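The numbers here are math on the coordinates, done by the rules we state, and not lab data. Every value quoted in this text rests on a predicted model; they were computed, and no experiment measured them. All Cβ positions, even for glycine, are placed from backbone atoms using ideal geometry, and neighbour counts span all protein chains on display.
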Amino acid sequence: MKRIYKNKTKLRILIDTKCDLSGYQTVTITALKPDDSVAVFPAVVKDVEHGVIFYDVQSEDDIDQSGWWTLWPEVIFDDDHTARGREVKVFVYE
């Protein structure tokens, strides 16, 4: 993976949840920023059966801090149960 830089917009956050997302209602990618604030990005399901999701960064304000970010997927299914994926840490450069 190449470096991620603060305030860049040409970035796709791609997550392989490794689980079947059949019957999903809402999929998001949650991010804990270096200052401990939280951002929630609406994800697109690329592959339902294999659980691949992504978010294309929309504005310079999406990735607005340098330092360690913690990302994880969250899925709400049609039957109202929620699944939270494994956290992954990534470093965002100035």
Identify which of PHE41, PHE77, PHE54 has the largest mean-square fluctuation in a Gaussian network model of the chain, with springs joining Cα atoms closer than 10 Å.
-> PHE77
Would you work out the charge dipole size for the chain about its Cα centre, treating the Cβ of every Lys and Arg as +1 and the Cβ of every Asp and Glu as -1, and quote it to the nearest 20 debye?
-> 560
Approximate spin-label separation HIS50-THR82, in nm, with each point projected 7 Å along Cα-to-Cβ | 2.9
Please identify every one of the GluC sites (Glu not before Pro) in the stretch 1-93 that sits in a loop by DSSP and has no more than 12 other beta carbons within 10 Å of its own beta carbon.
-> GLU49, GLU60, GLU87
Please report, in cubic angstrom per residue, the volume enclosed by the convex hull of the alpha-carbon atoms of the chain.
-> 91
Remind me, relative contact order of the chain in percent, using alpha carbon pairs under 8 angstrom and six or more residues apart?
-> 36
Whole-Hz couplings from phi, Karplus 6.51/-1.76/1.60, listed for the stretch 55-67; x for Gly and Pro = 9, 8, 4, 9, 9, 5, 7, 5, 10, 9, 9, 8, x
Roughly speaking, what is the stretch gain from VAL40 to GLU60, that is 0.36 nm per residue apart minus the C-alpha to C-alpha distance, in nm to one decimal?
-> 5.7 nm
